[in-house]
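Novice: I have a structure here, written as structure tokens, and I will follow up with some questions on it.
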């Protein structure tokens, strides 16, 4: 077990949970890290991960499998690590360190003028309306902050996963599925517009973020 991390209860001695059985007991925020094999009877590991992601965007995923065939697909579900069997303790330690860093980042937050804190990774996008910043989170919730757009943007744009895509709007690139010609398509199916004047700058920031994520820098 990885110290400090919650683990799924096993099915008892001598076996592992199938994808369907695991999803039956899964709940958002219940697990910090989930280890999944790709090749399982019934629901395979990749489809299990896709269904898990519909409920929880922050849980860390590590694939453990005998093939590299799905390594590229693992980025679709924001996997933290891809372990190819047989693997040594050194590789398992690297996966643990990667997950630990991600979990620390999940707590990344900023102090607000009212004394509250804003947690950054759950954000999907923000917009400025009626002299207030409206924060839209990936779980569908929202909150309003009495703060100027300039001051708010200066705080968030210090982080590489936030992008100024339209006047009065910021998007969290972690919540983006695709970059289109005039908008971002979000992972939840929503869209965020992109200014024509800012498109080149936005595209460069998105590609830099994507490249850094593929290298494991984020």
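The values are calculated or read from the model by the stated rules, or taken from the named source; none is laboratory data. Because the structure is predicted, anything quoted here is derived from the model rather than measured. As a convention, Cβ positions derive from the backbone with ideal geometry for all residues, glycine included, and neighbour counts pool all protein chains shown.
Novice: Residues that are buried (at least 18 other Cβ atoms within 10 Å of the Cβ), within 15 Å of the chain's Cα centre (by Cα) and not assigned by TED's automatic domain parsing to the domain that holds residue 50, at least 3 per element: which strands (runs of 3 or more DSSP E) completely within region 118-189 meet that?
Specialist: Where strands (runs of 3 or more DSSP E) fall fully within region 118-189 and carry at least 3 residues being buried (at least 18 other Cβ atoms within 10 Å of the Cβ), within 15 Å of the chain's Cα centre (by Cα) and not assigned by TED's automatic domain parsing to the domain that holds residue 50, they are 123-129.
Novice: Something else about it: Scanning region 63-73 for residues that are modelled with pLDDT of 75 or more and in contact with a helix residue (DSSP H, G or I) (Cβ under 8 Å, 6 or more places away or on another chain), which turns out nearest to residue 46 (Cα to Cα)?
Specialist: 63
Novice: Shifting gears a bit: Select from region 35-62 the residues that are buried (at least 21 other Cβ atoms within 10 Å of the Cβ), farther than 12 Å from residue 74 by Cβ and modelled with pLDDT of 85 or more and list them in ascending order.
Specialist: Of everything in region 35-62, those that are buried (at least 21 other Cβ atoms within 10 Å of the Cβ), farther than 12 Å from residue 74 by Cβ and modelled with pLDDT of 85 or more turn out to be 48, 52.
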